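K.L.:
Before I ask anything, let me first share the structure, which is written out below as structure tokens.
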Amino acid sequence: MSALPNSHQALLRVNHVLSGRLALFGVTAPELLAKLPQGGLVMTDHVGYANQLAGHTGWQVWFGYDHPQLNAAQADTVVVFLPKARAELDLRLAVARKIIAPGARLLVLGEKKEGIAGAVKQLKAVAPDAIKLDSARHCQIWSAEAVEPLDRFDLTAWMTWHSISRQGVTVEVCGLPGIFSRGELDEGTAALLDTLNQAPVAGERVLDFACGAGVIGAWLQGWQQKNGLPVSQVDGIDVQSQAVISARATYERAGAHGNIIASDGLEDVEGSWNAIVTNPPFHAGVKTDTSMTERFLQSVSRHLAPRGELRLVANTFLPYKSLIERFIGPAERLHEDRKFTVYRAFRKR
């Protein structure tokens, strides 16, 4: 049990209330499923977790909030683990209310450091009679039984749109709860776009790794058009369902072209690109975690065409220069300040 996150261990303390058809939202440790007596439904917005969860006998895995089988009255007990973003909890609660049966139980649980105190306020907004069921392992478990089901759930109603402008190019960007830098152009991506203006990438095919809402790809194609340059196809990869959905919507509105796919890293991706650009994440939950970027750098070379370019922005304190040079080639700093550094490297022959 010790290998499970605290919230997953806390759930096992109250497994006596997990009755009927069970649905779990936000599981991050597949080992939990083997410790629960019944099967059911498990939903995650992380494609890597979805792949790990698949194959457990008796469990149906949903990836993302747009799953086609999102139907009413599917669950008698719904368990919602806290997401990183408070706004995403509202989205999870809405999906939970869509699939919950009348009179069913809704559980919300998480650690103090994850923001369970604020989450309780969000739960009580839809279930005022919710009560604390248990406290253990720095976690609280809250339970509600008088939850009014939602007749209708439309993910597009949760989309927001905002404009970003850089170097004379404006892009309308789609956002969904939980997505990185929703509603704004983050400083790291802005620095990366500035270097693309000063030192353009070349080639018919470009890949935006950890593409988020599709800002880089849509902007790059708009910048190339504005400057009378050949327009690259810019494909996008992201691990998060909301990012993939938002990037596709951003591309559609911008008239951009490229394939947007869900993938946890590059290991299972085929193909090569003339350039790969990225503003990779370095958090897992509330902790700093650079493992995704390290895995990416280990595998990126085989996806770059000969003399292909990597363009990467990262927080200046992160030790990426040595990794880039180990796996790709000599790294040049195109931009550096106290917060962000933009690196450029070309694949070794």
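K.L.:
From the list Ser291, Ser241, Ser263, pick out the single residue that is under 23 Å from Gly26 (Cβ atoms), within 16 Å of the chain's Cα centre (by Cα), among the hydroxyl-bearing types (Ser, Thr, Tyr) and surrounded by 20 or more Cβ atoms within 10 Å (Cβ to Cβ).
P.N.:
Ser241
K.L.:
May I ask you to list pairs of residues, at least six apart or on different chains, whose Cβ atoms are under 6 Å apart, with the first in the range 336-349 being closer than 11 Å to Arg311 by Cα and the second being in a strand (DSSP E or B) and open to solvent by 30 Å² or more (accessible area, probe 1.4 Å)?
P.N.:
Thr341/Arg333; Val342/Leu334; Val342/His335; Arg344/Glu332; Arg344/Leu334; Phe346/Arg307
K.L.:
Assess whether Ser322 counts as being polar (S, T, N, Q), part of a helix (DSSP H, G or I) and open to solvent by 40 Å² or more (accessible area, probe 1.4 Å).
P.N.:
Yes, satisfied.
K.L.:
I'd like the residue in the range 183-200 that is small (Gly, Ala, Ser) and crowded, with 16+ Cβ neighbours inside 10 Å and, out of all such residues, is nearest to Trp219 (Cα to Cα).
P.N.:
Ala190
K.L.:
Would you check if Arg253 is surrounded by fewer than 21 Cβ atoms within 10 Å (Cβ to Cβ), closer than 26 Å to Phe63 by Cα, at pLDDT 95 or above and more than 18 Å from the chain's Cα centre (by Cα)?
P.N.:
yes
K.L.:
Check Val42, Val27, Val47 and return the single one that is without any contact (Cβ under 8 Å) to a residue 24 or more places away in the chain, closer than 21 Å to Lys84 by Cβ and not aromatic (Phe, Trp, Tyr).
P.N.:
Of Val42, Val27, Val47, the one residue that is without any contact (Cβ under 8 Å) to a residue 24 or more places away in the chain, closer than 21 Å to Lys84 by Cβ and not aromatic (Phe, Trp, Tyr) is Val42.
K.L.:
Identify, from the list Gly228, Gly203, the residue that is open to solvent by 20 Å² or more (accessible area, probe 1.4 Å), assigned to a loop (DSSP other than H, G, I, E, B), more than 23 Å from Leu304 (Cβ to Cβ) and not β-branched (Val, Ile, Thr).
P.N.:
Gly228
K.L.:
Cβ contacts < 8 Å: first residue without any contact (Cβ under 8 Å) to a residue 40 or more places away in the chain and under 21 Å from Ala157 (Cβ atoms), restricted to the range 249-262; second residue part of a helix (DSSP H, G or I) and open to solvent by less than 30 Å² (accessible area, probe 1.4 Å), any location; separation 6+ or different chain. Result?
P.N.:
So the pair list comes out as Tyr251/Gly217; Tyr251/Ala218.
K.L.:
Could you list, in sequence order, all residues of the range 206-225 that are open to solvent by 20 Å² or more (accessible area, probe 1.4 Å) and free of Cβ contacts under 8 Å to residues at least 40 places away in the same chain?
P.N.:
Within the range 206-225, just Gln225 meets the criteria.
K.L.:
So, in the range 105-124, of the ones that are open to solvent by 20 Å² or more (accessible area, probe 1.4 Å) and more than 21 Å from the chain's Cα centre (by Cα), which residue ends up nearest to Arg21 (Cα to Cα)?
P.N.:
Arg105
K.L.:
I want to confirm something. Restricting to the range 125-158 and keeping residues that are of a type in the set (Ser, Thr, Tyr) and in a strand (DSSP E or B), which single residue is most open to solvent (accessible area, probe 1.4 Å)?
P.N.:
Out of the qualifying residues, it is Ser135.
K.L.:
Search the range 297-317 for residues that are more than 27 Å from Glu187 (Cβ to Cβ) and pair each with any residue that is among the charged types (D, E, K, R) and surrounded by 15 or more Cβ atoms within 10 Å (Cβ to Cβ) when their beta-carbon atoms are under 7 Å apart and the residues are at least 6 apart or on different chains.
P.N.:
Ser301/Arg347; Pro306/Arg347; Arg307/Arg347
K.L.:
Can you go through Ala136, Ala202, Ala144 and tell me which one is more than 22 Å from Ala249 (Cβ to Cβ), at pLDDT 95 or above and over 20 Å from the mean Cα position of the chain (by Cα)?
P.N.:
So the residue among Ala136, Ala202, Ala144 that is more than 22 Å from Ala249 (Cβ to Cβ), at pLDDT 95 or above and over 20 Å from the mean Cα position of the chain (by Cα) is Ala144.
K.L.:
Taking the range 159-182 only, how many residues are within 27 Å of Gly110 (Cβ to Cβ) and either open to solvent by 70 Å² or more (accessible area, probe 1.4 Å) or in contact with a Gly (Cβ under 9 Å, 6 or more places away or on another chain) (or both)?
P.N.:
The total comes to 7.
The values are calculated or read from the model by the stated rules, or taken from the named source; none is laboratory data. In this text, all values refer to a predicted model and were calculated from it rather than measured experimentally. Reconstructed Cβ throughout: ideal geometry from the backbone, glycine too, with neighbour counts over all protein chains shown. Please note that ligands, DNA and RNA were not included when accessible areas were found on the heavy atoms of the full protein model with its side chains. Shrake-Rupley method; radii C 1.70, N 1.55, O 1.52, S 1.80 Å.
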